[in-house]
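The structure appears below as structure tokens.
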Amino acid sequence: MLPADGPLEVPVSGEIAWVEPAADGIGYYAWTLPDPALDALLAAAPGLEAPERADIVAMLGLQRRAGVRTLGDLLQRAAPFTADPDPSVATIAVHQVDDLGIVDLMDDPALKESAHAWLRAHLRPALDRVGLEPAAGEPAELGELRTALLYTLADAGDPDVVAYGQRIGLSVPETPELSAELAGFGLWSLARTTATPDQTQQMLLEWADAEADPSRRERLLRAAGQVAGEAALTAAFERAVRPETSMSDTFTLIDGVTTRDDESERDLLLSLAERHHDALVAKAPPVFAPQLARFGGGCSEARLADARAFYGDPARSGPGTEHVLQQVADQVAGCLERIERDAPSVRALVAEPQTAQRQ
């Protein structure tokens, strides 16, 4: 019987080159290694099986979320796996590297641009290998990798990816054969990068109103809620709470507006939720009411305090509200803790000269 936790000592003779704690990548447990042993394992990774390489990358991410490893450390060790020959392994690595998006929550425009440049330098070679556009008959795993790369690179401001996303987004009504993943990316990219947010949002809403297919209509409405800018946020929210807006459309628009990571827009979102509280409660099932407190989430203690005061008021608080507010408080505390812990390592990482990824 192995110990439930703590170090496991295995007697051996001779020199050990490296250790893979989850042979075949099928262990049901989490693991860590001292950094020298981890670096030896990473050096040997090209000779391991794909499930073992995937397990290594997944464990790096788990260690970062547990506070064992800084974000800069995770990025430095996981980024080379974005060049992995197995698309499934590379996709896991891209999702780990995408955690660098936390810089969008830091009040440091210079750091944000440096982080975006780091992402472009490290991920664009992977996209160039798989191709910007899908090829006929390609494996599904390759499409999943491309989608992950497109979202991260568009968010990092890669001009080719942004232009491609806008082109795909504008083509959605005329190309129903687009995959749901590619259509979703195109609409998301168009919503986030448009230079004319008011006109783009109106266009998306008109497309949605003319769309008979429920799933495509849902994608269009969600994109309308994602359009950047405070005016677009306000317009989407106010449409969501209209009495004539169906409950399903309300939830889809709200789902779109809540994907924003701009802290000032999240402040406005809470303000709108408070202003239209009665309309939201009237449109939703009673069990939904406590969940409205989640509008106080994000990375701001001031916004959390505002949400506590508003939703904790006995006139609005009901069964489950205090539980949700505590969950929001834990989320905000975790976000602020990650920023404090990760900011120094991220600054050190993105300040280093950018080098090509290993092939």
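The values are calculated or read from the model by the stated rules, or taken from the named source; none is laboratory data. Everything numeric in this text was worked out from a predicted model, so none of it was measured. Virtual Cβ from ideal backbone geometry, glycine too; neighbours counted across all protein chains shown. Only protein heavy atoms, including side chains, enter the accessible area calculation; ligands, DNA and RNA are left aside. Shrake-Rupley method; radii C 1.70, N 1.55, O 1.52, S 1.80 Å.
Here ALA40 clears all of (1) in contact with a Phe, Trp or Tyr (Cβ under 7 Å, 6 or more places away or on another chain); (2) buried (at least 18 other Cβ atoms within 10 Å of the Cβ) except the condition numbered (2). Within segment 322-339, residues that are open to solvent by 60 Å² or more (accessible area, probe 1.4 Å) sit with their Cβ atoms under 6 Å from residues that are modelled with pLDDT of 90 or more, at 6+ positions apart or across chains, in these pairs: GLN331/GLY297. Residues of segment 77-135 that are small (Gly, Ala, Ser) and touching a Leu at 6+ places or on another chain (Cβ under 7 Å): ALA78, ALA90, ALA115, ALA126.
Run down VAL103, VAL130 and say which single residue is under 18 Å from ILE339 (Cα atoms), surrounded by 14 or more Cβ atoms within 10 Å (Cβ to Cβ) and aliphatic (A, V, I, L, M). Of the residues listed, the single one that is under 18 Å from ILE339 (Cα atoms), surrounded by 14 or more Cβ atoms within 10 Å (Cβ to Cβ) and aliphatic (A, V, I, L, M) is VAL103. For segment 301-321, filtered to residues that are of a type in the set (Lys, Arg) and open to solvent by 80 Å² or more (accessible area, probe 1.4 Å), the residue that is modelled with the highest pLDDT is ARG308. Here is the figure for segment 203-213: residues that are part of a helix (DSSP H, G or I) and among the small types (Gly, Ala, Ser) total 2.
Pairs meeting the criteria (first residue in segment 228-254 and of a type in the set (A, V, I, L, M, F, W, C), second residue assigned to a loop (DSSP other than H, G, I, E, B), beta carbons under 6 Å, at least 6 apart or on different chains) are VAL241/HIS276. Restricting attention to segment 123-153, the residues being assigned to a loop (DSSP other than H, G, I, E, B), touching a residue at least 12 places away in the same chain (Cβ under 8 Å) and closer than 18 Å to ASP86 by Cβ number 2.
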